[in-house]
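> Quick one: the structure is below, and I'll ask about it shortly.
The values are calculated or read from the model by the stated rules, or taken from the named source; none is laboratory data. Note that the structure is a prediction, hence the values are computed from the model and not measured. Backbone-built Cβ (ideal geometry, glycine too); neighbour counts: all protein chains shown. Areas reflect the complete protein model, heavy atoms only, side chains present, ligands, DNA and RNA absent. Shrake-Rupley method; radii C 1.70, N 1.55, O 1.52, S 1.80 Å.
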Amino acid sequence: MRFTRKKFCCYVLVLVYCAFSFYAAYNVFFRPPNVSRVHRVVSKKEGGARGSLSFGNELWNPWEEDEKSHKSSHMKVEDNWKDLLNKDSHQEQVQLQVQIWGKAAIGQYLWQHILEGPLEPVDDTAHWREGKLRTGRTEISFITGPAVVPGYFSVEAQNVVLVLNGREETKIYFATQWLQYTQTLVDDHKLQHVAVVLLGNEQCNNNWILPYLKKSGGFVDVLYLVYDSTWINEEDVYQWPLGVATYRNFPIIDPSWSLVHDSRPYLCNFLGTVYGNSSREILMEVIRKEGLDQLCWISPRNEWQPQETNESFKSYHGALLQSDLTLSPVGINTECYRIYEACSYGSVPVVEDVMTQGNCGNSSIDSNAPLQLLKTYGAPFIFIKSWKELPAIINQEKNMSLQEKIHRRKRILEWYRQFRLKLKHKFIGTLEKAFLQKAK
């Protein structure tokens, strides 16, 4: 038989397709599934059969990501085959390129937990880490790490999002260094548009950034601000969630069967600092008086510990995993990391719904204050005005069946998933609205 060049190419394409198909089949049927590292650390039981969980008319599968990864290999085979046969195939053209400079820890929550972007290297002690993702017409890159300092890296996009920490004077000093460097790039026409994600002051004293906002004569088009603020207008200033404590290495939790279905030995938990003359002292008094320390995982401390140890990591995650409720008394601000961390484990936050001191707003004027962002998105939490309400809540917990608690866990986990997804769409949408429209 005589082979022509055309026949030879066809045979090569068929062999390549068969090889890819065999590899995909191996991944789907023989590759062991991924198991969450965190669950192997803190879970006491890791049994259970796989299945899907129902949320109203929707199905939610806690192993969806594993199954997607198994199917992705086969999908890649089909995509590669289509590309070989159809040279005219193309994606939607990129219209917006954005680079995120994320020195503050909330940048990692934005990138990995909300935008779900990759980050390399995976070692969180690396001096330089970066990632890139594409969503629709927008391409976003992210850089972070101790080596990322103003003026010492190349600017790869004309649109930038700065992630800054303005919680205290020292942090504000470094934040202004970044803003001044960015302003130089804008003045030199190396940057067109700038947005800022700001971890604000817990008492909402953020006036230092006002001169940098475009409406005040500055160059910042959009501000995403953590903590309640009277500045929020949904036009150029948006409220942003505090999220989990990524600086303490809180990971992304993939829900497992046991996390959702197992009976939990503790009705509630509180692991945290008890500040003098605070409602946390009232909470501890109620716990002791009612004997709730026999029913709940309670571990108070007198001083705040910024750094996580292996022991404290396991203890905290174990408490979230094995408790039905997570008690969240106010600190300097009503919003705290434990609210989002409890959601990650399907433990219902019991939130003290009290406005803290400062300039964050007035609950007598705004019915959604405090925690306006969470309430706007319909957070299914238990809100209380005083910890004296806790004994009645615990009595209700005693009377709930396991099935009722399982249903509630599903609701919390699904709400938190949807919350992050909606914020992702909103973040990208507001950038496209602000940057693309002004570029025309």
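> If TYR173, TYR109, TYR275, TYR316 are ordered by their accessible area, calculated over protein heavy atoms with a 1.4 Å probe, which sequence runs from highest to lowest?
Output order, biggest surface exposure first: TYR173, TYR275, TYR316, TYR109.
> Taking +1 at the Cβ of each Lys and Arg and -1 at the Cβ of each Asp and Glu, which of LEU198, ASN310, ASN233 sits farthest along the dipole of region 166-310 towards its positive end, judged by Cα position relative to the Cα centre?
ASN310
> Any idea how far apart ILE232 and GLU169 come out in nm if each label point goes 7 Å out from Cα toward Cβ?
With each label placed 7 Å out from Cα toward Cβ, I get 3.0 nm.
> So for TRP178, TRP128, what's the accessible-area order with a 1.4 Å probe, most first? All intermediate terms of the calculation are to be shown ahead of the outcome.
Details: TRP178 20, TRP128 85 Å².
Result of the area sort, largest leading: TRP128, TRP178.
> With charges only on Cβ, +1 for K and R and -1 for D and E, what is the dipole size of region 243-354 about its Cα centre, in debye, rounded to 20?
140 debye
> Please turn the phi angles of region 374-387 into ³J(HN,Hα) values with the Karplus equation 6.51 cos²θ - 1.76 cosθ + 1.60 (θ = phi - 60°), one per residue in order, whole Hz, x for glycine and proline.
Going residue by residue, I get 5, 5, 4, 8, x, 4, x, 9, 9, 9, 10, 9, 8, 6 Hz, with x marking Gly and Pro.
> What is the extension gain from GLN177 to ASN362, computed as 0.36 nm multiplied by their sequence separation minus the C-alpha to C-alpha distance, in nm to one decimal?
Working: separation 185, 0.36 × 185 = 66.60 nm, distance 3.25 nm.
Using 0.36 nm per residue and subtracting the Cα-Cα distance, I get 63.4 nm.
> Follow-up. Which whole-Hz ³J(HN,Hα) couplings does region 198-203 yield from phi under the Karplus relation 6.51 cos²θ - 1.76 cosθ + 1.60, θ = phi - 60°, glycine and proline marked x?
With coefficients 6.51, -1.76 and 1.60, one gets 10, 6, x, 5, 5, 9 Hz.
> Between HIS407 and HIS425, what length comes free when the chain is fully extended (0.36 nm per residue of separation minus the Cα-Cα distance, one decimal in nm)?
3.8 nm
> Write down the accessible area per residue of region 97-218 in Å², having rolled a 1.4 Å probe over the full set of protein chains.
On the way: 5550 Å² over 122 residues.
Ligands and nucleic acids excluded, the figure is 45 Å² per residue.
> Then there's this: Out of the total accessible area of region 110-259 (probe 1.4 Å, heavy atoms of protein only), what percent is carbon and sulfur?
Its accessible area is 47 percent carbon and sulfur atoms.
> Short version: ³J(HN,Hα) in whole Hz for each residue of region 239-252, in order, from phi by Karplus 6.51 cos²θ - 1.76 cosθ + 1.60 (θ = phi - 60°), x for Gly and Pro, what are they?
7, 10, x, 5, x, 8, 7, 5, 5, 9, 6, 5, x, 7
> Express the accessible area of region 265-368 per residue in Å², computed with a 1.4 Å probe while the remaining protein chains stay in the model.
45 Å²
> Top to bottom by accessible area (1.4 Å), largest first, where do HIS317, HIS261 land?
Largest to smallest exposure gives the sequence HIS261, HIS317.
> Continuing with this model, one more query. According to a simple spin-label model (label point 7 Å from Cα along Cα-to-Cβ), what is the distance in nm between GLU432 and SER258?
Distance between the two pseudo-spin positions: 4.2 nm.
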